[in-house]
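The values are calculated or read from the model by the stated rules, or taken from the named source; none is laboratory data. Owing to the predicted nature of the structure, the values given are computational and were not obtained by experimental measurement. Cβ sites come from the backbone with ideal geometry, for glycine too, and all protein chains shown count toward neighbours.
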Amino acid sequence: MKVLNLYACLGGNRLKWTDCEVTAVELDPELARMYQERFPNDTVIVGDAHQYLLDHYKEFVFIWTSPPCPTHSRARYWNSSNYHTTTDAIYPDMKLYQEILFLQHFFKGKYVVENVIPYYEPLIPAKKRGRHLYWTNFNLPTYLGDRKADNFIHAKQSVLEDFHQIDLSSYKGEQRKDKIARNLVDYEAGKTIFECAKGIYKANNANQTELF
């Protein structure tokens, strides 16, 4: 089962995926290095995930993409909507909706687009689960099994690292470490969603085998 994991970061969603061949794309070379150390059997590409999707989508049967969320987040909106703060108002990054529309109309496999709950009504209907929205072309369970962390939004970096089973001490890039940890998808939710897609993939393969 060939899987594409876009905007892979440290693979919060990826941790409990099994029986698959994963290609991960991450723009930050430091995060890509740490992802490779965490998942040595995955193929890791340092590059633009948005372009990689366009160029390589036909090579995979399952795609997970988590485009950058800050321009859609309620937290940033609350800060920038106050004229007296130093946080500038910015346009929302529409790559999110470009990828949703692209996958809906061109991709033949199963996909997940994950993002935060935005400060506006989503332009394309999504499935809300916990702190996240998911756009998929298959049914998701009402409960994804994601664990609850106490006071997650304001949790200390060390708490977030323990929660996600990561260690950011070797990270030498420019992103804030607490922000990296806070943006990861819970691995139990990632597992539940992947198992749903994998079940459909196996069932389809079994049906094809029966034809012959």
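So here's what we get for this one:
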read-out: Residues located in the range 118-130, provided they are buried (at least 16 other Cβ atoms within 10 Å of the Cβ) and out of contact with any Phe, Trp or Tyr (no Cβ under 7 Å at 6 or more places or on another chain); value: Pro118, Pro122, Arg129, Gly130
read-out: Where Glu26 falls short, out of the listed (1) under 28 Å from Arg147 (Cα atoms); (2) of a type outside the set (A, V, I, L, M, F, W, C); (3) modelled with pLDDT of 95 or more; (4) surrounded by fewer than 20 Cβ atoms within 10 Å (Cβ to Cβ); value: (4)
read-out: Of all residues in the range 80-116 being surrounded by fewer than 17 Cβ atoms within 10 Å (Cβ to Cβ) and among the aliphatic types (A, V, I, L, M), the one that is farthest from Arg14 (Cα to Cα); value: Ala89
read-out: Test for Ser170: is it at pLDDT 90 or above, assigned to a loop (DSSP other than H, G, I, E, B), surrounded by fewer than 16 Cβ atoms within 10 Å (Cβ to Cβ) and over 19 Å from the mean Cα position of the chain (by Cα); value: yes
read-out: Strands (runs of 3 or more DSSP E) wholly inside the range 72-165 containing at least 3 residues that are of a type outside the set (D, E, K, R) and either in contact with a Lys or Arg (Cβ under 9 Å, 6 or more places away or on another chain) or in contact (Cβ under 8 Å) with a residue 24 or more places away in the chain (or both); value: 110-116, 132-136
read-out: In the range 179-212, the residues that are outside any helix (DSSP H, G or I) and modelled with pLDDT of 85 or more; value: Asn183, Leu184, Val185, Asp186
read-out: The range 1-23: number of residues that are out of contact with any Lys or Arg (no Cβ under 8 Å at 6 or more places or on another chain), closer than 21 Å to Val113 by Cβ and surrounded by fewer than 17 Cβ atoms within 10 Å (Cβ to Cβ); value: 1
read-out: Phe194 over 20 Å from Asp28 (Cβ atoms), without any contact (Cβ under 8 Å) to a residue 24 or more places away in the chain and surrounded by 19 or more Cβ atoms within 10 Å (Cβ to Cβ); value: no
read-out: Complete set of residues in the range 49-69 that are farther than 17 Å from Trp135 by Cα and either in contact (Cβ under 8 Å) with a residue 60 or more places away in the chain or loosely packed, with under 14 Cβ neighbours inside 10 Å (or both); value: Gln51, Leu54, Asp55, Lys58, Glu59
read-out: Residues located in the range 27-45, provided they are outside any loop (DSSP other than H, G, I, E, B) and closer than 15 Å to Gln175 by Cβ; value: Pro29, Glu30, Leu31, Ala32, Arg33, Met34, Tyr35
read-out: The listed residue being more than 15 Å from Lys191 (Cα to Cα) and in contact with a His (Cβ under 8 Å, 6 or more places away or on another chain), out of Ile100, Ile117; value: Ile117
read-out: Test for Gly109: is it of a type in the set (Gly, Ala, Ser) and modelled with pLDDT under 95; value: no
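Okay, residues lined up against (1) in contact with a strand residue (DSSP E or B) (Cβ under 8 Å, 6 or more places away or on another chain); (2) aromatic (Phe, Trp, Tyr); (3) at pLDDT below 90:
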{"residue": "Tyr83", "(1), (2), (3)": "no, yes, yes"}
{"residue": "Asp93", "(1), (2), (3)": "no, no, no"}
{"residue": "Leu101", "(1), (2), (3)": "no, no, no"}
{"residue": "Val113", "(1), (2), (3)": "yes, no, no"}
{"residue": "Gly130", "(1), (2), (3)": "no, no, yes"}
{"residue": "Leu140", "(1), (2), (3)": "yes, no, no"}
{"residue": "Asp150", "(1), (2), (3)": "no, no, yes"}
{"residue": "Gln165", "(1), (2), (3)": "no, no, no"}
